[in-house]
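Structure first, commentary second.
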Amino acid sequence: MSVRVIIGAQWGDEGKGKIVDMLSDKTEFVVRYQGGANAGHTLKFDGKTFVLHLIPSGIFRKNTTCVIANGVVVDPEALLEEIKSVKELGADPEKSLIISEAAHVILPYHKLLDTVREKSRGSNKIGTTGRGIGPAYMQKTSRMGIRMMDLLDEKVLEEKIISNLEYTNCLLQNMFDEKPVEAGPLFEEVCKYGKILSPYIKDTGAILRDAYDEGRNILLEGAQGVLLDIDHGTYPYVTSSSPTSGGACIGSGLPPSSLEHIMGITKAYCTRVGNGPFPTELENAEGEKIRKSGGEFGATTGRPRRCGWLDLVALRYAVRVNGINELTITKLDVLDMFASIRACTAYKIDGEETRDFPLDPKKMEKIKPVFREFKGWQTSISNCKSFEDLPEEARTYMKFIEEYVQVPLVVVSTGPGREETIRI
């Protein structure tokens, strides 16, 4: 029996989708436990590239059940489009996908609220994707959210839509000078979604707990990363949920005691999408070189990602917050061309050196990263099949990372394909 949670140990976009896909070959349940369609998990195999947003990354494995759990906020329109896409690519979601009846629903007015609120921030924009994630979580915590189970009861659904629109339209008209949303057409649209999705909607918490009791293998897949966590990230430039290992339990219905393996995924460098602090950012030719080599553009939005050297202070923080006990390094091949590579080993704040990651924005603004330089390997590593096959310089770099965070390295990704992976 094994329960493993996959944690993004940076600001998201660490390559979690590829690792989940790789591990799902021996996993019976793959579970998305938070976030929404703002996530983009990219898979590449058989010469094809697939981008998933809501459906877990195990959907192309025949013997795996994919679960969209209670902690996710689900956009029915986006989900139906994604179901259609994976079916066209050979997956069988009717057989292998289930959705929690307790997962909250994103409706068109959530996306509208998201867009107009971000626009109203002016120069203080958060960098939201406009997918309605934040407003949906806000209404969830305000105890006025609509859940997947409500889509199966038209009377309850109609009452909730009318009630929610009283509040939402008040905001839209009086705060943002927008037209109100009509309840009737929206209700009819959502009813259609409910009828199509009804076979997928289950009590996934009970299903997962039974699977755990039976000793079956379960893989919990997070979206975004620790540094975007609503509590433990670079607030307010964060997501609206908890991508941590603690969030995995809340968002799936499994107990904390079930988590045996907590795998942290980190790139061999750092990236960030949107606004917010980024101590090791490279706003120069080196940063652009990483961006182009790594294809660092958002899988969901297409936005260019900000790029920088690996931040080991932030990675150590992620390890400690989550209890990470396995480490995976992705996109090591992106650094193939560099003659020298740097990693941040400490911060200087007001002249004092620290290895602690601050959450105070004023301290974040003052950070001066302390770097250690490593010799690059300047050769392609994509054909390396074992850790020993890698150039000595690459092994030295990774061993230093492993020793710094005190977590064993178990996987190294040397390219985007399934086969371009070294298991240690």
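The values are calculated or read from the model by the stated rules, or taken from the named source; none is laboratory data. Just so it is clear, the structure is predicted and the values come from calculations on it, not from any experiment. So basically every Cβ, Gly included, is an ideal-geometry build from the backbone, and we count neighbours across all protein chains shown. These area figures cover heavy atoms from the full protein model, side chains too; ligands, DNA and RNA do not enter into them. Shrake-Rupley method; radii C 1.70, N 1.55, O 1.52, S 1.80 Å.
Using the Cα atoms of region 47-104 to build a convex hull, what is its mean projected area in square nanometres? Numbers along the way, then the final one.
Details: hull surface 15.7 nm².
Seen from a random direction, the Cα hull of region 47-104 projects 3.9 nm² on average.
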Label-zone membership for region 229-253, site L359, 7 angstrom Cα→C-beta point, backbone N under 20 Å: 229-251
Region 28-67 shape via C-alpha gyration tensor axes, a/c threshold 1.5: oblate
Inter-label distance for S2 and R121, nm, one decimal - labels placed 7 Å from Cα along Cα-to-Cβ: 3.9 nm
D350 paired with F297, simple spin-label distance in nm, labels 7 Å along Cα-to-beta-carbon: 4.4 nm
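From largest accessible area down, sort M138, M148; use a 1.4 Å probe on the protein chains. Walk me through the intermediate numbers first.
Working: M138 90, M148 0 Å².
Reading off the accessible areas and sorting them downward yields M138, M148.
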Å² of accessible area per residue within region 1-128, as computed with a 1.4 Å probe and no ligands counted: 35 Å²
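Nearest-5 percent of antiparallel DSSP beta bridges in the chain? Working shown, then result.
Numbers: 25 of 60 bridges.
Roughly 40 percent of the beta bridges in the chain run antiparallel, per DSSP.
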Cα gyration tensor category, rounded, prolate or oblate, for region 180-245 with a/c compared to 1.5: oblate
Area accessible to solvent at K366, 1.4 Å probe radius, in Å²: 100 Å²
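Once you keep just the Cα pairs under 8 angstrom separated by 6 or more residues, what percentage relative contact order results for region 337-424?
Values: 111 pairs, mean separation 22.5, N = 88.
Once normalised by length, the contact order is 26 percent.
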Considering only region 13-116, percent of DSSP beta bridges that pair antiparallel, nearest 5: 35 percent
For region 90-121 versus region 382-415, the gap between their alpha-carbon centres in whole angstrom: 38 Å
Cα lying deepest toward the dipole's positive end in the chain, options L327, P408, P369, charges on Cβ: P369
Within the accessible area of region 168-259 (1.4 Å probe), percent carbon and sulfur: 52 percent
Under DSSP loop assignment and at most 14 Cβ neighbours within 10 Å, longest GluC sites (Glu not before Pro)-free interval of the chain: 1-181
Inter-centroid distance (Cα atoms) of region 237-271 relative to region 128-186, Å: 28 Å
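In region 316-393, what percent of the accessible surface is made up of carbon and sulfur (1.4 Å probe, ligands and nucleic acids excluded)?
Working: 1800 of 4210 Å².
Looking at region 316-393 in its full context, I get 43 percent from C and S.
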Shape call, region 255-404: gyration tensor on alpha carbons, a/c limit 1.5: rounded
Förster radius 41 Å - calculated FRET efficiency between S163 and A206, Cβ distance, rounded to 0.05: 0.90
Extension gain from Q173 to S386, taking 0.36 nm per residue of separation minus the Cα-Cα distance: 70.6 nm
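Charges at C-beta only: +1 for Lys and Arg, -1 for Asp and Glu. How large is the resulting dipole of the chain about its Cα centre, in Debye rounded to 20? It would help to have the intermediate numbers written out before the result.
Numbers: 54 positive and 59 negative charges, 125 e Å.
Roughly 600 debye, rounded to the nearest 20.
Can you tell me how much longer the chain between E402 and D213 gets when fully stretched, taken as 0.36 nm per residue apart minus their C-alpha distance, in nm with one decimal? Numbers along the way, then the final one.
Values: separation 189, 0.36 × 189 = 68.04 nm, distance 3.34 nm.
The E402-D213 span can extend by a further 64.7 nm.
Residues of region 139-223: accessible area per residue at 1.4 Å, in Å²?
Numbers: 4750 Å² over 85 residues.
Each residue of region 139-223 exposes 56 Å² on average to a 1.4 Å probe.
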Simple spin-label estimate for D231 and V51 in nanometres, 7 Å along Cα-Cβ: 3.2 nm
For region 36-86 versus region 310-345, the gap between their alpha-carbon centres in whole angstrom: 26 Å
Chain lengthening between R395 and R320 when straightened (0.36 nm per residue, less Cα-Cα): 24.6 nm
222 nm mean residue ellipticity, helices alone, for the chain (DSSP H n ≥ 4; -39,500 (n - 2.57); rounded to 500): -10000 deg cm²/dmol
